[in-house]
1. Take the residues in region 56-102 that are acidic (Asp, Glu) and in a helix (DSSP H, G or I); name whichever of them is modelled with the lowest pLDDT.
2. Looking at the structure I just gave you, is residue 5 out of contact with any Ser or Thr (no Cβ under 7 Å at 6 or more places or on another chain) and modelled with pLDDT of 85 or more?
3. I'd like to know if region 44-53 contains one or more residues that are assigned to a helix (DSSP H, G or I) and more than 15 Å from the chain's Cα centre (by Cα).
4. Do we find that residue 46 is modelled with pLDDT of 95 or more, surrounded by 10 or more Cβ atoms within 10 Å (Cβ to Cβ) and not aliphatic (A, V, I, L, M) in this structure?
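The values are calculated or read from the model by the stated rules, or taken from the named source; none is laboratory data. All values derive from a computational prediction rather than experimental measurement. Glycine gets a Cβ as well: all are built from the backbone with ideal geometry, and neighbour counts include every protein chain shown.
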Amino acid sequence: MAAASPEAQAPSARVEPKAYKSPQRKLVPFFAQSRDQWKEKCRSAKASLKQFKKKVQRGEARHRRQHEQLQALAREVGQLQAENRRLAEALAAGEKKERGAE
């Protein structure tokens, strides 16, 4: 058996270069515009991402400050409650002394 000639092979095995019909004068501006649109879309997405990151950072900082304020207020409430109990006990002890003196 002899080797099969290229013409004897199946037609799908032959690859012929495509002949493009669009002129370059139309393709070049189209691809340039497409590239510019893609770049603008990328820049816009990058800017939005940066904005969201800053917004998250500000939110975290605000949360941290509020948490610190909350802790300070909780400490103050504890101190005031302790003082209130102490004063109530002193008042009760003062009333008992007055009753005991009578």
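1. In the first step, residues of region 56-102 are kept if they are acidic (Asp, Glu); the result is 60, 68, 76, 83, 89, 95, 98, 102.
Within this subset, residues satisfying the condition of being in a helix (DSSP H, G or I) are 60, 68, 76, 83, 89, 95, 98.
On the way: 60: 97, 68: 97, 76: 98, 83: 96, 89: 92, 95: 77, 98: 68.
Taking the candidates together, the pick is 98.
2. Numbers: out of contact with any Ser or Thr (no Cβ under 7 Å at 6 or more places or on another chain): yes; modelled with pLDDT of 85 or more: no.
Here the answer is no, as residue 5 does not meet what is asked.
3. Going through region 44-53, the residues assigned to a helix (DSSP H, G or I) turn out to be 44-53.
Filter once more, so that each one left must be more than 15 Å from the chain's Cα centre (by Cα): 44.
Looking through region 44-53, at least one residue is assigned to a helix (DSSP H, G or I) and more than 15 Å from the chain's Cα centre (by Cα).
4. Working: modelled with pLDDT of 95 or more: yes; surrounded by 10 or more Cβ atoms within 10 Å (Cβ to Cβ): yes; not aliphatic (A, V, I, L, M): yes.
Answer is yes for this residue.
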